[in-house]
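Working notes, structure below.
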Amino acid sequence: MSFDLQRVRADFPVLAEVINGKPLVYLDSANSSQKPNAVIDAMTSFLQHDYSPTNRSAYTMAAHATDLYEGARTKVARFINAPRAEEVVFTKNATEALNLVAHSWGSANLSEGDSIVLTHMEHHANIVPWQMLAAEKGFTIRWVPLTSDGLLDLTNINELLTGASAFSFTAMSNVLGTINPVKELCALAHQHGAIAIVDGCQSVPHMPTDVQDWDADFVAFSSHKMVGPSGIGLLWGRENLLDAMPPFLGGGNMISDVKLEGFTCADLPAKFEAGTQPITEAVGLAAAVDYLTAIGMHNVRQHEREITAYALETLTNRFGDDIVIHGSRDINQRGATLSFAYRDVHPHDVSQVLDQHNVCVRAGHHCAKPLMRLLGANATVRASFYLYNTNDEVDALADALAEAGDFFTL
Amino acid sequence: MSFDLQRVRADFPVLAEVINGKPLVYLDSANSSQKPNAVIDAMTSFLQHDYSPTNRSAYTMAAHATDLYEGARTKVARFINAPRAEEVVFTKNATEALNLVAHSWGSANLSEGDSIVLTHMEHHANIVPWQMLAAEKGFTIRWVPLTSDGLLDLTNINELLTGASAFSFTAMSNVLGTINPVKELCALAHQHGAIAIVDGCQSVPHMPTDVQDWDADFVAFSSHKMVGPSGIGLLWGRENLLDAMPPFLGGGNMISDVKLEGFTCADLPAKFEAGTQPITEAVGLAAAVDYLTAIGMHNVRQHEREITAYALETLTNRFGDDIVIHGSRDINQRGATLSFAYRDVHPHDVSQVLDQHNVCVRAGHHCAKPLMRLLGANATVRASFYLYNTNDEVDALADALAEAGDFFTL
Amino acid sequence: MPGLEDLYREIILDHYKNPRNRGTLEPPAVRGEGHNPLCGDEIEVFLIVKDGIVEDIKIAGQGCSISQSSASMMGVAVKGKTVENARAFIARIKHMLSIDEEGEPDTSIALGDLEALTGVVKFPVRIKCAVLSWNTLAEALDIAAE
Amino acid sequence: MPGLEDLYREIILDHYKNPRNRGTLEPPAVRGEGHNPLCGDEIEVFLIVKDGIVEDIKIAGQGCSISQSSASMMGVAVKGKTVENARAFIARIKHMLSIDEEGEPDTSIALGDLEALTGVVKFPVRIKCAVLSWNTLAEALDIAAE
Ligand SMILES: Cc1ncc(COP(=O)(O)O)c(C=O)c1O
Ligand SMILES: Cc1ncc(COP(=O)(O)O)c(C=O)c1O
């Protein structure tokens, strides 16, 4: 299928919004993406005609809802080329997925004297759960540093990984856009006997994913960043690891039996899905996966390469030294997320002026404070592009930036 | 406002479904309720026009979404008469809410030699998290027994509570329908220096709730049982308790600062809301709360009293000794959830025959295995009624039951 | 929509009302135990395996008509057969119930009464009921082989 | 939709470009520290309180025009005033910024330059920027009172 940008845009109703006579320019998809009609309609229709609890009751509607819910699992498994659908666990977001790994795998496998390796570009979701556990268990966290153009600095990676139990890293930085060499990093981890945990939040929505080709052990990501609904996240893990792990949340559905004296766990994936699940959200997620699959993830990636190239060129041509774009300039090494500093104007003020033109960007630390300290900034402006963004929107960003410059000339 | 059943029914599109020429008879609301147009439309419209991440970005759409999200919190707080909106924490379901209390309050306050008190009628969600923690910390779980008509047997409650740190109990049994004397139980807990944790899953959707009148310390409940969306649950807790508790899930939004050496927590409620939240779901929940408030929770309760009385009478008149309805016969002590055994027909087979008539009931252990053991059954049939059910639907249940009897005469 | 008679064939109701091989066996018989966490059904399978033959089988537990009759028919089908036959039978039944397993089952195996379970496939929720005893038998055979 | 000039009044831009009382103070001065976890803004407030008077105040940290100018105007407003005056001022500003607090603020207090912050109310996300320094001052006053 060839990629038809105007048709894609027509699939997303919010992109037709006009505020104060100006169109919406949504450049915050790295934060959370917009949703196509296919997803909205699937959820609405399910709520109007088919809503029912899953995996509990046995009547036809409940069986149908269970099929849709389990069908979503199968679709997600196929989307990331997971060997088995049972290895896909629904959580509430990627954050819960990473907490699940830290808590269940980590508390069973990490204790004093052990160490894990993280990178300097991690999102708080891949830092704080480990810090919480480290405070309890007394293991050490080691950090992979960055090069000056925002890539992982692998000079001392063998030293860092020696004796480490796990290497947990993002596949793509949510601040710098850096795409990390996931397959190579998984191999390095395994060479040192560490498991490889991949934060796929920023990569899975934007390029093809093959967890078997990566040879990863766990991959976490979120529905809401991949044109799917909020309220549902994903953890894929190797069956043998998931099987050996203690449960995370306790309650209904995750048990095989409960007596006053104790309980026994259900098999995968129920073991990690306590309580009533995000049912309508799974239905919406299935529609999102179908939608992205029909578009083709290679096409999504190609479109984003083009728009990234155009954005880098446009911003540099128009603003020269007045703009400092963090991270790599090589579109083979980065995704369509651009963080930058613009003159001396504070990111919050930049975003305010942009907002007057309905240009939606995020200004702040992007939940990556350790990385921000490395950049020497306490905030950046971040414009992030997705399959529905256009070169015209890059121009709208540049026009609004120019105005911010005029307004705030110090 | 007077309660107009036909108008209420017209608000729920799924109730108009006709399968094989027969109307849907949805009697599984204790499991999960159906959703009115007000909720579905609020979610759909939000996704079409207003979707945006919350509490992160600063543009107008993000501010609007944040207002809706925080507005949902305020509405929930008012719905249960919580003193402060910041005391309401959004979780993914009630199960996560109870796990949060067990993990965060429990791990800071319970150790070997301590004990907590649960009841014999708890849902697994209020058992398993405590068992998991008890296995780790070595405290003891004591159990309040039941009377023969399915009420809490408080004969030895003072003994049970002596020295206990917490008393965690359901406000209404999801199997027996028993409504527990929450206010009295909270007072008993406090007399013994224990905190009172209320599982409000089955009561909050069905009758007025006043957490201050109860004088409870924590209350957990779920959106999906109160005409709201799946994927979002609720914990209310006293500010001083929540403030003193360590965080539960770690990641974005719940931090004040993150350094390589460690992190500091955000204030309430962000402290307990790590990662991207169920945003669309909060919007739907706000609409659900508005809907129930407009109907009036007293009206909901009154309608359910009437339908419970009619159901008890109808089933007893028609089936006499062939049916054994568990729990109390006193509609002042029970909600509209009826679990029963019908002749020797296995509940799964009963539900199968009922399903031929689109009568949706749950057959199984209802995530309450310790209670089931007490009843001497490994499954029951459960018909549960809500604001949209009618006496005609009670009759449809009875007709279908009669047919099951004919079919399975052993 | 498939009717009740698709699911509840006469032979199923017969095995439900008159279950064969009900009971328990003392050690050295081995014991397998299965749960259906969805509905609370429980099953116990007791086996005496000698020289590669399922010499005796008894079945205990509680459950719905489908799980009980499936167990009863299973006992009849495997009693006196070789372990190999029993395992092939498990694979065959799972295949019939549309449960994906690795490898191809031997579809030449005659199903006998168990043919009646084909109707269950139209009622996906009940497949778990039908298969419970077979999974439990597989577990018991594993224990016996240890 | 309110325009940029509602938010960025001239006086605000002036305080942003030429912040008053920038710097730090050594102990015995007390120090309060505030974060805006949303955007990463940080502020430090140093105070010398003697005989119930705010004798000196210095402000450090980084932030947007709103948080920086609010801090600068705050320094000017409370320097040389009594602690009581300063606290009343905090309550007054929070009230102006539509932040609910217990008790009634003294609305007779003259706002001076700070009047310019009223436009912030139309930009709810920026209220946190405007109030950051005031919350930090309140904390520093608490420390000084210990
Ligand atoms: C009494 C009770 N407690 C807890 C729960 C768990 O709620 P959820 O599945 O929404 O987490 C339920 C419902 O399943 C319930 O009925
Ligand atoms: C790299 C990365 N990891 C983790 C997360 C957390 O995802 P969520 O907020 O959906 O839990 C995000 C997004 O916020 C992210 O960009």
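The values are calculated or read from the model by the stated rules, or taken from the named source; none is laboratory data. Keep in mind it's a predicted model, so treat the numbers as computed, not measured. A quick note on method: Cβ atoms are made from the backbone with ideal geometry, for glycine too, and the neighbour counts reach across all protein chains shown.
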Report task. Give the residues of region A:29-67 that are within 16 Å of ligand 2 (Cβ to nearest atom), within 16 Å of A:I232 (Cβ to Cβ) and touching a Lys or Arg at 6+ places or on another chain (Cβ under 7 Å), sorted by residue number. Result -> A:S32, A:S33
Report task. Kindly provide the set of residues from region C:17-34 that are over 13 Å from the mean Cα position of the chain (by Cα) and either touching a residue at least 60 places away in the same chain (Cβ under 8 Å) or within 17 Å of C:C129 (Cα to Cα) (or both), ordered by number. Result -> C:K17, C:V30, C:R31
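Does region B:107-119 contain any residue that is away from ligand 2 (no atom under 16 Å from the Cβ) and under 17 Å from the mean Cα position of the chain (by Cα)?
From region B:107-119, those away from ligand 2 (no atom under 16 Å from the Cβ) are B:107-119; that's our starting set.
Among the residues that remain, those that are also under 17 Å from the mean Cα position of the chain (by Cα) are: B:118-119.
Yes, there is a match, as at least one residue in region B:107-119 is away from ligand 2 (no atom under 16 Å from the Cβ) and under 17 Å from the mean Cα position of the chain (by Cα).
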Report task. Among the numbered conditions (1) within 14 Å of chain A (Cβ to nearest Cβ); (2) away from ligand 1 (no atom under 15 Å from the Cβ); (3) of a type in the set (K, R), tell me where B:R78 comes up short. Result -> (1)
Report task. Would you confirm whether any residue within region A:240-261 is closer than 25 Å to A:V289 by Cβ, small (G, A, S) and touching a helix residue (DSSP H, G or I) at 6+ places or on another chain (Cβ under 7 Å)? Result -> no
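Conditions (1) within 16 Å of ligand 2 (Cβ to nearest atom); (2) touching a Leu at 6+ places or on another chain (Cβ under 9 Å); (3) over 18 Å from A:A108 (Cβ atoms), marked per residue:
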position: A:T170; (1), (2), (3): yes, no, yes
position: A:V182; (1), (2), (3): yes, no, yes
position: A:V204; (1), (2), (3): yes, yes, yes
position: A:A244; (1), (2), (3): no, no, no
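Yes or no: A:E70 touching a Lys or Arg at 6+ places or on another chain (Cβ under 8 Å), more than 20 Å from A:A196 (Cβ to Cβ) and more than 16 Å from ligand 1 (Cβ to nearest atom)? Break it down stepwise before answering.
Details: touching a Lys or Arg at 6+ places or on another chain (Cβ under 8 Å): no; more than 20 Å from A:A196 (Cβ to Cβ): yes; more than 16 Å from ligand 1 (Cβ to nearest atom): yes.
No: the conditions fail for A:E70.
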Query - Residues located in region B:232-276, provided they are more than 26 Å from D:I43 (Cα to Cα), in contact (Cβ under 8 Å) with a residue 60 or more places away in the chain and at the interface with chain A (Cβ under 8 Å from one of its Cβ atoms) - result: B:I232, B:G233, B:T276
Report summary line: B:E70 passes all but one of the listed conditions (1) in contact (Cβ under 8 Å) with a residue 40 or more places away in the chain; (2) in a helix (DSSP H, G or I); the exception is number (1)
**Report entry** Where a residue in region C:89-105 is at negative phi and its partner, wherever it lies, is at pLDDT below 75, with Cβ under 8 Å and at least six apart
**Finding:** C:A91/C:E101; C:A91/C:G103; C:K94/C:E101; C:H95/C:E101
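Would you point out the residue of region B:46-63, among those that are assigned to a loop (DSSP other than H, G, I, E, B) and within 31 Å of the chain's Cα centre (by Cα), that is nearest to the other protein chains (Cβ to nearest Cβ)?
This residue is B:P53.
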Requested in this report: Output yes when any residue across region B:221-229 is in contact with a Lys or Arg (Cβ under 7 Å, 6 or more places away or on another chain) and within 16 Å of ligand 2 (Cβ to nearest atom), and no when none is.
Outcome: no
Report task. Determine whether region A:291-306 contains at least one residue that is among the acidic types (D, E), surrounded by fewer than 24 Cβ atoms within 10 Å (Cβ to Cβ) and not assigned by TED's automatic domain parsing to the domain that holds A:Q333. Result -> no
Report summary line: The condition of being within 16 Å of ligand 1 (Cβ to nearest atom) and of a type outside the set (D, E) holds, among A:G252, A:G284, A:G200, only for A:G252
Report summary line: Residue count, region A:105-152, condition more than 14 Å from chain B (Cβ to nearest Cβ), surrounded by 14 or more Cβ atoms within 10 Å (Cβ to Cβ) and either touching an Asp or Glu at 6+ places or on another chain (Cβ under 7 Å) or in a loop (DSSP other than H, G, I, E, B) (or both), comes to 5
Report task. List the number of the failed condition for A:S351; all other conditions in (1) farther than 19 Å from A:L152 by Cβ; (2) more than 8 Å from every other protein chain (Cβ to nearest Cβ) hold. Result -> (2)
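Here's the yes/no breakdown for (1) among the small types (G, A, S); (2) in a loop (DSSP other than H, G, I, E, B):
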position: A:E159; (1), (2): no, no
position: A:N174; (1), (2): no, yes
position: A:K183; (1), (2): no, no
position: A:T209; (1), (2): no, yes
position: A:G231; (1), (2): yes, yes
position: A:P246; (1), (2): no, yes
Report task. Answer yes if at least one residue in region B:326-344 is within 14 Å of another protein chain (Cβ to nearest Cβ), modelled with pLDDT under 95 and either away from ligand 2 (no atom under 16 Å from the Cβ) or in contact with a strand residue (DSSP E or B) (Cβ under 9 Å, 6 or more places away or on another chain) (or both), and no otherwise. Result -> yes
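Hey, can you tell me all the residues within region A:347-368 that are in contact (Cβ under 8 Å) with a residue 60 or more places away in the chain, surrounded by 24 or more Cβ atoms within 10 Å (Cβ to Cβ) and at negative phi? Spell out how you get there, then give the answer.
Keep residues of region A:347-368 that are in contact (Cβ under 8 Å) with a residue 60 or more places away in the chain, which gives A:357-362, A:366-368.
Imposing the further condition that a residue be surrounded by 24 or more Cβ atoms within 10 Å (Cβ to Cβ) reduces the set to A:359-362, A:366-368.
Across region A:347-368, the qualifying residues are A:V359, A:C360, A:V361, A:R362, A:A368.
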Query raised in the report: Of the residues that sit in region B:307-346 and are over 26 Å from the mean Cα position of the chain (by Cα) and among the basic types (K, R), which one is surrounded by the fewest Cβ atoms within 10 Å (Cβ to Cβ)?
Result: B:R318
Query raised in the report: Of the residues that make up region A:205-224, is at least one of a type in the set (S, T, N, Q), buried (at least 24 other Cβ atoms within 10 Å of the Cβ), assigned by TED's automatic domain parsing to the domain that holds A:N109 and more than 17 Å from A:K75 (Cα to Cα)?
Result: no
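From B:T308, B:T380, which residue is within 20 Å of C:Q68 (Cβ to Cβ) and out of contact with any Cys (no Cβ under 9 Å at 6 or more places or on another chain)? Please lay out each step first, then the result.
Details: B:T308 fails: within 20 Å of C:Q68 (Cβ to Cβ).
Unique residue meeting the criteria: B:T380.
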Query raised in the report: Are there any helices (runs of 4 or more DSSP H) wholly within region D:1-84 with 1 or more residues that are in contact with a His (Cβ under 7 Å, 6 or more places away or on another chain), and if so which?
Result: D:65-78
